[in-house]
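Presented below is the structure to which this report refers.
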Amino acid sequence: MAVPTPHINSKIGEIAKTVLMPGDPLRAKFIADTFLENPVLVNNVRGVQGHTGTWKGVPVTVMASGMGMPAIGIYSWELFSEYGVENIIRIGSCGALQDGQKLMDIVIGQAACCQGGYIDHFKMGGLYAPIADYTLLTAAVDAAKELGIGVTVGNILSSDNFYSPEGSNVNDKWRKMGILGIEMEAAALYANAAYHGKRALCICSVSDHIYREEYLSAEERQVGFTQMMEIALDTAVKMADI
Ligand code: HPA
């Protein structure tokens, strides 16, 4: 593959070593405008915005992943394989499954189960367990502690389906196994990072509770995740010399 890649038209050097990936291109722009110093638009293919600037003097890129494992699979693959990216931190939303969880709680995916086809394409001959990079995970937990923000670390589920056709809903089983949140990207990101010898982490803010039918509005989702973004940005600073 050559640069620019099919889905990213940045030049080499325009994308930082650490990339923060929200699903939503508008959230990528919001983060860049709100937090980064001197943000520059480095990708806009298909409106999937990528902005590079600095946070506490450290270069950081914020680029959207789109929704679902095929989408984050494409962007993270091209970033890891062609743009020299070392760390990708997904900053997303998830639906909570456990009773003690509330909207806006922050969940860090220590591992990500996969309900979908993405991991099948690796043809492992057995069940592959997608996990977060331990260094990135501990850096994020340390950053959260320093910021005084509580987080829950545990297993999450990446699913291909947002809506469950009648008779297909197995949420009770995942809840029983202690899964903290359902989202749609982490397992593919973790597998791609492992495949390329890179690091990945998924941090999610709870946008809805699957068993209590509570949810945030689209606008609340876009602007309400400040704490999660601060954790991710400070994690990028901790990774600057690693
Ligand atoms: N399911 C899948 N992805 C999600 C959800 C959900 O309930 N909430 C936020 N992202």
Nearest-20 debye value, the chain charge dipole, Cβ charges on Lys, Arg, Asp, Glu: 380
Relative packing of peptides 161-172, 36-47, 78-89 - highest average C-beta neighbours within 10 Å first: 78-89, 36-47, 161-172
12 Å beta-carbon shell around Gly116, net charge (K/R +1, D/E -1): -4
Base-10 log of normalised Debye intensity for the chain (one unit scatterer per alpha-carbon) at q = 0.12 Å⁻¹: -0.61
Greater than 23 Å apart at Cα, pairs in Lys102/Lys176; Lys123/Lys198; Lys102/Lys198; Lys102/Lys173: Lys102/Lys198
Asp24 accessible area, 1.4 Å probe, all protein chains in place, Å² to nearest 10: 50
Computed [θ] at 222 nm, helices only, for the chain once each DSSP H run of length n ≥ 4 contributes -39500 (n - 2.57): -9500 deg cm²/dmol
Extension gain, Lys176 back to Asp142 (0.36 nm per residue minus Cα-Cα distance, nm): 9.4 nm
Computed label-point distance, nm, for sites Leu41 and Lys11 using a 7 Å Cα→Cβ extension: 1.8
Estimated inter-spin distance, Met104 and Val3, nm [label 7 Å along Cα→Cβ]: 4.0
Amide H contacts of Ser159 (H built 1.01 Å from N, under 5 Å, at least 5 apart or other chain): Gln115, Glu183, Met184, Glu185
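Of the accessible area of the chain, with the probe set at 1.4 angstrom, what percent is carbon plus sulfur?
54
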Where His121, His209 fall by accessible area, highest first, once all protein chains stay in place (1.4 Å): His121, His209
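Could you give the length gained on full extension between Ala218 and Glu230, defined as 0.36 nm per residue of separation minus the Cα-Cα distance, in nm?
2.3 nm
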Amide N proximity, segment 178-210 versus Phe162 label position 7 Å along Cα-to-Cβ, cut-off under 16 Å: 182-186, 205-210
Theoretical gain in end-to-end length, Ser81 to Tyr195 [0.36 nm per residue, Cα-Cα removed]: 40.1 nm
Max mean-square fluctuation residue, GNM over the chain, Cα-Cα springs under 10 Å, options Thr152, Thr61, Thr34: Thr34
Separation of alpha-carbon centers, segment 140-195 and segment 65-85, rounded to whole Å: 18
Percent RCO, i.e. relative contact order, over the chain, from Cα pairs under 8 Å lying at least 6 residues apart: 26
Where the chain is the region considered: accessible area per residue in Å², 1.4 Å probe: 46
Whole-Hz ³J(HN,Hα) from phi, Karplus 6.51 cos²θ - 1.76 cosθ + 1.60, for segment 225-242, glycine and proline x: 10, 3, 5, 4, 5, 5, 4, 5, 5, 5, 5, 4, 5, 5, 8, 4, 9, 9
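The values are calculated or read from the model by the stated rules, or taken from the named source; none is laboratory data. In this text, all values refer to a predicted model and were calculated from it rather than measured experimentally. Every residue, glycine as well, gets a Cβ built from its backbone with ideal geometry; the counts of neighbours run over all protein chains shown. Accessible surface is based on the protein model in full, side chains and every heavy atom, while ligands, DNA and RNA are left aside. Shrake-Rupley method; radii C 1.70, N 1.55, O 1.52, S 1.80 Å.
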